Amino acid sequence: MNAILRMRRFGWNQLRWLLVSGWITCATTCAAAPIPDKLVVLTFDDSVASLHANVRPLLKQHGFSATFFITEGFTFTTNKVDYMTWEQIAELHRDGFEIGNHTRSHMGVSADTLGRLRGEVEFINQRCAEHGIPRPVSFGYPGNAIHPAALPLLRDLGFRYARRGAQPEYAYETGRGIPFEPGQDHLLLIPTTGDARPTWTLANLTNAVTQAREGRIAVLQFHGVPDREHPWVNTPLERFREYLAWMKSNGYRGIALRDLGPYVEHAPVPADPWAIIERRKTAAAAK
Ligand SMILES: [Zn+2]
């Protein structure tokens with residue numbers, strides 16, 4: 001018995017020495033990678049054809065990654081002028097971009113629709129599998145609608161990250177938002193920092209991405225570039241070129257949601273995922 005205890009003690013001391021001396025790293029005890037300033041998650045919603053035609057080459061040119069949230073909603077199945085084909089979506093995956101799940105019918109998550117969420121998600125997962133795309137680990141809330149009961153469902157469906165809008169902290173109309181604060185924001189309620197609108201100028205873009213500092217990460221939400229089918233979230237191609245060029249020349253990095261792993265996987269999980277949202281609303285009301 002004593003011999004076994006001695007061996008155990010020796011084993012732990014040896015392990016501790018190896019850790020302290022830096023010979024090995026330990027996934028369960030090491031802290032998360034420090035979050036650099038100027039880290040920007042780029043997300044593109046709704047399977048719009050211009051995302052393949054215009055956004056894909058520009059992202060590649062600038063060396064940025066991104067997440068594309070795919071849905072078969074709107075007129076996806078019949079209108080292949082305005083929406084991508086699955087072959088084009090698979091090409092985005094082969095390029096190294098992330099394919100995220102945005103539900104089959106672009107179904108807003110609410111108390112009334114929760115019962116259909118699994119089927120809506122699994123449909124897109126199945127379509128991904130048919131086209132050689134891995135099962136998505138990122139979810140984009142359609143219409144930015146959120147509900148507390150969706151979190152355990154999304155976790156059970158294998159999602160590690162979910163991007164919401166900037167509501168309820170900010171009114172939808174402005175496109176303004178909140179930087180993502182790892183450890184404060186739940187990974188299935190990652191807020192949008194900037195939600196691109198047709199009236200946006202470079203000043204709106206810089207207002208969003210310059211919040212990516214001091215441990216905070218900016219998350220941008222785009223739709224088509226341009227977007228004929230959803231004109232209220234259209235981004236003109238000339239503006240988008242300007243945004244990416246500014247980000248690149250000012251040292252910003254564009255990443256996909258799944259690339260957050262090293263920065264957030266060891267962050268504490270908030271006990272109450274809604275607490276930070278309430279705190280921000282209270283702080284905003286006090287101003
Ligand atoms: Zn959408």
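The values are calculated or read from the model by the stated rules, or taken from the named source; none is laboratory data. Nothing here was measured: the structure is a model prediction, and the numbers come from that model. Methodologically, a virtual Cβ is constructed for each residue, glycine included, from the backbone with ideal geometry; neighbour enumeration extends over all protein chains shown. Heads up: the accessible areas ignore ligands, DNA and RNA and are worked out on the full protein's heavy atoms, side chains in. Shrake-Rupley method; radii C 1.70, N 1.55, O 1.52, S 1.80 Å.
General observations
- The number of Lys pairs in the chain with C-alpha atoms less than 25 Å apart, excluding pairs fewer than 8 positions apart on the same chain, is 4.
- The largest accessible area among ASP227, ASP112 belongs to the first residue in ASP112, ASP227, and the rest follow in falling order (1.4 Å probe, all chains).
- Gyration tensor (Cα) of the range 43-184, equivalent ellipsoid semi-axes in angstrom: 23, 19, 15
- GNM result for the chain, Cα springs below 10 Å: residue of ILE99, ILE276, ILE146 fluctuating most strongly: ILE276
- Shape index of the chain: Rg/Rh, with Rg the Cα radius of gyration and Rh the Kirkwood radius from the inverse mean 1/r over Cα pairs, equals 1.03.
- Rounded to the nearest 20 debye, dipole of the chain from Cβ charges on Lys, Arg, Asp, Glu: 1040
- Surface composition of the chain: carbon plus sulfur atoms contribute 56% of the solvent-accessible area (1.4 Å probe, protein chains only, all chains present).
- Average accessible surface area per residue within the range 187-287, 1.4 Å rolling probe, Å²: 46
- Protein heavy-atom accessible surface, 1.4 Å probe, per residue over the range 109-186: 42 Å².
- Over all projection directions, the Cα-based convex hull of the range 132-228 averages an area of 7.7 nm².
- Taking all protein chains together and a 1.4 Å probe, the residues HIS223, HIS266 rank HIS266, HIS223 from largest to smallest accessible area.
- Lys/Arg +1, Asp/Glu -1 at C-beta; the chain dipole; positive extreme among THR199, GLN88, ALA284: ALA284
- Considering only alpha-carbon pairs that sit under 8 angstrom and 6 or more positions apart, the relative contact order computed for the range 126-254 is 17 percent.
- DSSP beta bridge pairing in the chain, given as percent antiparallel to the nearest 5: 10
- Across the chain, the relative contact order, built from alpha-carbon pairs under 8 Å that are at least six residues apart, equals 24 percent.
- Computed [θ] at 222 nm, deg cm²/dmol, the chain (DSSP H ≥ 4; -39,500 (n - 2.57); rounded to nearest 500): -10000 deg cm²/dmol
- Largest first and in whole Å, the equivalent-ellipsoid semi-axes of the range 149-287 read 25, 17, 16, each the square root of five times a Cα gyration tensor eigenvalue.
- Karplus-derived HN-Hα couplings along the range 83-99 (A = 6.51, B = -1.76, C = 1.60, θ = phi - 60°), whole Hz, x at Gly and Pro: 10, 5, 8, 5, 5, 5, 5, 5, 5, 4, 4, 5, 5, x, 6, 8, 9
- Where labels lie 7 Å past Cα in the beta-carbon direction, separation of ARG213 and GLU173 in nm: 3.0
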